[in-house]
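All remarks here apply to the structure that follows.
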Amino acid sequence: MLPDTSPILEAHDLHKSFGTQPAVKGVSFAIGAGEIFSLLGPNGAGKTTTISMLSCLLAPSAGDATVDGHSVTRDPLGVKRVIGVVPQEIALYPTISARENLVFWGRMYGLGSAQLQARVAAVLDVVDLADRAKDRVETFSGGMKRRLNIAVGLLHEPKVLFLDEPTVGIDPQSRRRILDTVKELNRQGLTVLYTTHYMEEAEELSHRIGIMDQGQLIALGTQAELTQLVGQLDIIHLGVEFNGAAKDTLATTLAALDGVQRVGMDDGNLTLHVTEADTALADIIVAVNHAGAHVRQLEIREPNLEAVFLHLTGRALRD
Amino acid sequence: MKSIYIALKDTLIRFRDRNGLLLMLAAPLVLAVICGAAFGGLTGGGEAASPITDIPVAVVNADRGEYGQQVVDILFSADLAKLLAPALAADVAAARAQVERGDVRAAVVIPADFSEAVTSQGDASTAIRVFTDPTATYSPLIVRSIVEQIANGFSPGILGGRVAVAQLLEQAPVLGPALAQLPAAVAEASGRSDAPAGIELVTSTVGAEEQAGGFNALAYFAPSMAILFLMFTIFEASRSILGEEREWTLQRMLSTPTGFGAILAGKIGGVFLTGVLQLGVLIGASALLFGLNWGHSLPGLILLVIGTVAAAASLGALITALARDAAQAGIIGSAVALIFAILGGNFLDSRAYPAWLQPLSKLTINRWALDGFTDLSMRGGGFGDVFPEIVVLFGIAAVFFTLAVWRLPRRFVR
Amino acid sequence: MLLQTLHIALQYLKTTYRSRSALIFSLIMPLVFTGVLGVTIGGGSQGGEPSRWDVALVNEDGGVLAASLVSTLQASPQLAVSLLPRSEALARTETGDFVAAVVIPSGLSQALQDGKSPTVQFTANGSQLRPAQSAEQAVRAATSELASTVAAARTSVAVAEKLGLFDRGADQAAYFSDALARVAAQWTPARPITVQAEPVTRLDSADQIAGGFEQSSPGMLVTFALVSILNGAIVLIIEREQGTLRRLLVMPMRKGGILAGKLLAIFAAGLIQAAILILVGQLAFGVNWGQAPLALVLLLLAFSFSVTSLGMLIAGVARTYAQANALANILMYSIAALGGAWWPIEITPAWMQRLAQVTPTYWAMQGFSDIITRGLGVGAILPELAALVGFGVAFMAVGVWRFRYE
Ligand SMILES: Nc1ncnc2c1ncn2[C@@H]1O[C@H](COP(=O)(O)OP(=O)(O)OP(=O)(O)O)[C@@H](O)[C@H]1O
Ligand SMILES: [Mg+2]
């Protein structure tokens, strides 16, 4: 947790509907300068819609937000000057080179010729792509494209960087690199708004985390604050082979057991919240076997964000 | 300023695409050559320049006499060697079969009584039959006209003989015994088909620029195909803004401190720049490769290029504004490009279109552009000749552009 | 195996014809193209209403013979003649108001009477050469008729001279005019040698309709079937790039079966397109497609096969979608034009007609003409069938050999 700083970004009761379909239903939060703030939520939670409103791509149906004192509804140009946006999609031109992409986007950010070359070289360095700068983007690996996607958002040295699921669909090594880059940028003073549906990323990076579900911010705080919501519960992960056993029946049987507070099921992965793992475990395994299923894997954990999400929504984070 | 960078970026992307260049530049040149060569001979009028040469003709001579052979000799003569490729056939059935198989375009049958009819002093008449290939349009007409001219060559003798007999018999009182020589004199005078004094048709051409090598049809099809493929390029490029929305580069542009107006101007400017470069390269290439002469007015040519591209780019922007999505814009674009091409005369000379089609033809950008370019490339016109087309094209551009910039931003309201 | 192949084929056809654009590109577009090309090519040709070409006529000669030439020209069914002063006639021909200007110079009548060869000037508009050529033919017919009439009259004068008529005080000029009048009177009803032209066709002449659509209907059939099939073949490459082909490959069937299914569908789509064009030609433009159903079906099958194979060849040699698209587009336009689908092949130079024989479109067009214009049957199109199947087998072999599934 950062020392108490004045917020650089404030969202006030943001709403967005597409037609009659609400996508974001009243989201408010504040991000302090120099903070990494994560929005964690499953697919369709409204993360991208929220970021789009904050970056003035979508006009809020109601509510407002300010970035560095500029209102997204009244002074979008002021907002755009201070934010760097890294969209969830790889928003690059595949048939021109990395450098040509960066030069173009630098121009869009209004960089003059003198600054441009230096900034392009600098961001290429940050994402470690200087040696591939001349190659067409279409020849890049997924991880390299993701890194270049980030580099574009850094060109004009923004005060706040929006990263919308920047690690989707890449290998662990590339993800590691990106997380390290984000941390390093933050260390140098950049404020980051990060969205993800990977709880490990949120846990590792964030000073504070907002959990989003179905267009609402259902919890907000540091990781410690959030896990306290679950209380002194133990988390049991089971890998189960059903062998044709009825899943729903098993879930109800397990939920009815003594000490079991919640049951989450994601295919063969069961997550149970229990008051005391040692005492409940035996009953659980018996119940599973009795149902005709078979335990492959078992793990007992401290409460984490996944548990928080399950606790708050009754659903697993990953669907 | 940013608009210029957007336009340059789009142009760079388009000219970096090698396969795209094939379609933008190679395809129109190849097709212009094919169409130009197909119609290539149609220059200057006159038989020598006739596009149709070496028409295969079967000849059947059923006549045993001297005059049937004369007809055959004329058909095989050096004068007609360029136009006709005649060959003797055994009989009528064989010749007909050759026509039916498409081996020859026509068969000429000289009847058995031909010489008899030529020499007859009475009212005898006969017919040379020409069997024609129904799948061919022009060569049968040519063969027929040649045979008619040959037949006409015999007619003066025969008719002259008959008229002489009639006239001189009326003069019997004056002539007296000299009348006895009449049959001999008639026989001598008639039957002489060797070139009676004719009327020579001197042909020339006006209103068309002389092109090196006489490859004149190219002066029509080079601009024609350039315009067709320009439309393809422009409609394709116009809908790229919808592609950018799908790929999120449009949103990324909007997330930078760049106004939507500047982005729109840049996108349309990129389309325009691409189109101007494409036409420029095609005009330059056809001048260099085929020696095509693009007229006497450089300002006229430049304004025509700009007007054509502006009109097409505005229409492209309007289609983009109205289409549901990029795929639909693509479909509408192709459909409009093809319909405009056929109506505008990109595949066939629109000036040969029937009168009722002309107003429809003049509803297309293609027609006005083509009229302008051919004013320069075929008729060697100057600025004054292409001025009306330039005005119309800029008018079209103004109307479509206004509609497009009114509708286009609404697509992207958030 | 066979069932799966058919399933793949049906799937393709469903997706193709469900989209609304299918209506535009398979029906409306061919209708417009067939119509416009048909009326344009048909202008001034066999059958139908002959077109009249606008011609400016200048008569600078006051004589009788020139006057008679003027009336012959005015009577020509191919010409719409406007009598104008020379400067205006030439100026308006240059601007394109007239396809040509014909100038009868002063002294023509006298020259003809004197047995000299006078000249008539025919000035064509350079950008309307095709109509100008037709007009020129009509003008030649008129001048040769006048020349022959004069020659006949002169023959009579020659005979009279031989008999010494004019030595006996007869007026040669009066005799000549009389001869001219008599020849002219005989010319039309009783020309001694006539030329009878008749087309060689097995069709009843009542079935003969304007020539334009008999060219444009099969021409557009060939073009649009070509477009449909080659665009279909590009889908093979799109599927390869999107990975859907690979998804099919993991299914329990042989690679060949998958490819066969796709090709079958593309082939069938080509046939459907051809069938639509035949209906368009028959119903909208009165082209007689139903002449020899068996021959027609065989020819359609052979043509679709050869073009499907051409598509396979493109899919086999192209590495990317963009490449295949460029290649297919250039090929489909070029071979349609070369093969004679856009205009009668007879107008092209001999070397192009020989070159055309390496395209399947040429053989298809020949076959269609045999059937719809000549009224022939299967026997007559055997060479065409052989050529198309030959192309098909060769293209297919190379295409399948070179094709990469991923
Ligand atoms: N342009 C749009 N039109 C209509 N509905 C939309 C639009 N954009 C988003 N939505 C809907 O709004 C909801 C929230 O979408 P959003 O993209 O913000 O979710 P997300 O949290 O970013 O999900 P993901 O993790 O999949 O990116 C979804 O139900 C989505 O279908
Ligand atoms: Mg999202």
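Each peptide in B:316-322, B:88-94 receives the mean, over its residues, of other Cβ atoms within 10 Å, and ordering these scores from highest gives B:316-322, B:88-94.
Equivalent-ellipsoid semi-axes (√(5λ), Cα gyration tensor) for chain A, whole Å, largest first?
41, 23, 17
For the range B:49-205, a simple Cβ point-charge model (Lys and Arg +1, Asp and Glu -1, everything else neutral) yields a dipole of about 220 debye relative to the Cα centre. For residue A:23, the residues 5 or more places off, or on other chains, whose built amide H falls under 5 Å of its own are A:16, A:17, A:18.
When each of B:57, A:168 is scored by the number of other beta-carbon atoms lying within 10 Å, the sequence from fewest to most is A:168, B:57.
Using 0.36 nm per residue of separation minus the Cα-Cα distance, give me the extension gain between residue C:110 and residue C:397 in nm, one decimal. Present the calculation step by step, with values, prior to reporting the outcome.
Values: separation 287, 0.36 × 287 = 103.32 nm, distance 7.36 nm.
Full-extension gain reported as 96.0 nm.
In the range C:299-372 the Cα-Cα distances spread across 5 Å bins starting at 0 as 3, 16, 23, 23, 17, 11, 5, 1, 0 percent of all pairs. Entry for chain B at q = 0.07 Å⁻¹: log10 I(q)/I(0) = -0.53, Debye formula applied to identical alpha-carbon scatterers, no solvent contribution. Spin-label pair residue C:378-residue A:247: with each label point 7 Å from Cα along the Cα-Cβ axis, the two points sit 6.1 nm from one another.
If you take each beta carbon of peptide C:228-239 and count the beta carbons of other chains within 10 angstrom, what is the mean?
Working: counts 0, 0, 0, 0, 0, 0, 0, 0, 0, 0, 0, 0.
Taking all residues of C:228-239 together, the mean is 0.
Taking other Cβ atoms within 10 Å as a rough exposure proxy, C:374, C:404 sort from fewest to most as C:404, C:374. Stokes-Einstein, applied to the Kirkwood radius of the range B:49-205 over Cα pairs at a viscosity of 0.692 mPa s and 37 °C, places its translational diffusion at 190 µm² s⁻¹. The phi-based Karplus calculation (6.51 cos²θ - 1.76 cosθ + 1.60; θ = phi - 60°) puts the 3J(HN,Hα) values of the range B:309-320 at 5, 5, 5, 5, 5, 5, 5, x, 5, 5, 4, 4 Hz, whole numbers, x for Gly and Pro.
Give me the orientation-averaged projected area of the Cα convex hull of the range A:232-302, in nm², one decimal. Don't skip to the end; give the middle numbers.
Details: hull surface 15.9 nm².
Computing the convex hull of the Cα atoms and averaging its projections yields 4.0 nm².
Translational D (Stokes-Einstein, µm²/s) of the range C:245-308 at 10 °C and 1.306 mPa s when Rh comes from the Kirkwood sum over C-alpha pairs?
So the translational diffusion coefficient is about 116 µm²/s.
Let me have the relative contact order for chain C, percent, based on Cα pairs under 8 Å that are six or more residues apart. Before the final figure, lay out the partial values.
Values: 579 pairs, mean separation 79.3, N = 406.
In percent, rounded to a whole number, it is 20.
Across peptide C:393-403, the average count of Cβ atoms from other chains found within 10 Å of a residue's Cβ is 0.
Any chance you could list the semi-axes, whole Å, largest first, of the equivalent ellipsoid that the Cα gyration tensor gives for chain C, using √(5λ)? Working shown, then result.
On the way: eigenvalues 751, 90, 57 Å².
Gyration-tensor ellipsoid for chain C: 61, 21, 17 Å.
Amide H contacts of residue C:196 (H built 1.01 Å from N, in plane; Pro and chain starts excluded): B:128, B:129, B:130 sit under 5 Å, all sequence-distant by 5 or more or on other chains. In this structure, the amide hydrogen of residue C:403, modeled 1.01 Å from its nitrogen in the peptide plane, lies closer than 5 angstrom to no residue at least 5 positions away or on a different chain. Average projection, convex hull of the Cα set of the protein assembly as shown: 53.7 square nanometres.
Please work out the FRET efficiency for the pair residue C:2 and residue A:114, using the Cβ-Cβ distance as r and a Förster radius of 51 Å; give the result to the nearest 0.05. After rounding, the FRET efficiency stands at 0.15. Counted by Cβ distance under 13 Å from residue B:389, the other residues give a net charge of 0, where Lys and Arg count +1 and Asp and Glu count -1. The trypsin sites (Lys or Arg not before Pro) of the range C:211-300 that DSSP puts in a loop, and whose beta carbon has at most 14 other beta carbons within 10 Å, are C:254. Round to a whole angstrom and tell me the spacing of the C-alpha centers of the range C:367-406 and the range B:340-414. Cα centres, the range C:367-406 to the range B:340-414: 40 Å.
Across peptide C:326-334, how many C-beta atoms of other chains are within 10 Å of each residue C-beta, on average?
Working: counts 10, 3, 0, 6, 7, 2, 0, 10, 5.
Going residue by residue through C:326-334 and averaging, the value is 5.
Among the GluC sites (Glu not before Pro) in the range A:212-319, those placed in a DSSP loop whose Cβ has at most 12 other Cβ atoms within 10 Å are A:276. The residues C:389, C:250, A:24, when put in order of fewest to most other Cβ atoms within 10 Å, stand as C:250, C:389, A:24.
The charge dipole of chain C, taken about its Cα centre with unit charges on the Cβ of Lys, Arg, Asp and Glu (plus for the first two, minus for the last two), comes to roughly 2120 debye. A quarter of the convex hull surface defined by the alpha-carbon atoms of the range A:117-257 gives 12.9 nm² as the mean projection.
Each listed q (0.12, 0.18 Å⁻¹) maps to a log10 I(q)/I(0) for the range B:199-326 from the Debye sum over equal C-alpha point scatterers, namely -0.59, -0.97.
Send over the Kirkwood Rh of the range C:338-406, from the inverse of the averaged 1/r over different Cα pairs, rounded to one decimal Å. Answer for the range C:338-406: a Kirkwood hydrodynamic radius of 13.4 Å.
Enter the per residue convex hull volume of the range C:50-204, computed from alpha-carbon coordinates, in Å³ rounded to the nearest integer.
On the way: hull volume 20.7 nm³, N = 155.
So the per-residue Cα hull volume is 133 Å³.
Since every read-out is calculated from the coordinates, none of them should be taken as a lab result. The model shown is predicted, which means the values in this text are computed figures rather than measured ones. Cβ coordinates were reconstructed from backbone atoms using ideal geometry, including for glycine residues, and neighbour counts include every protein chain displayed.
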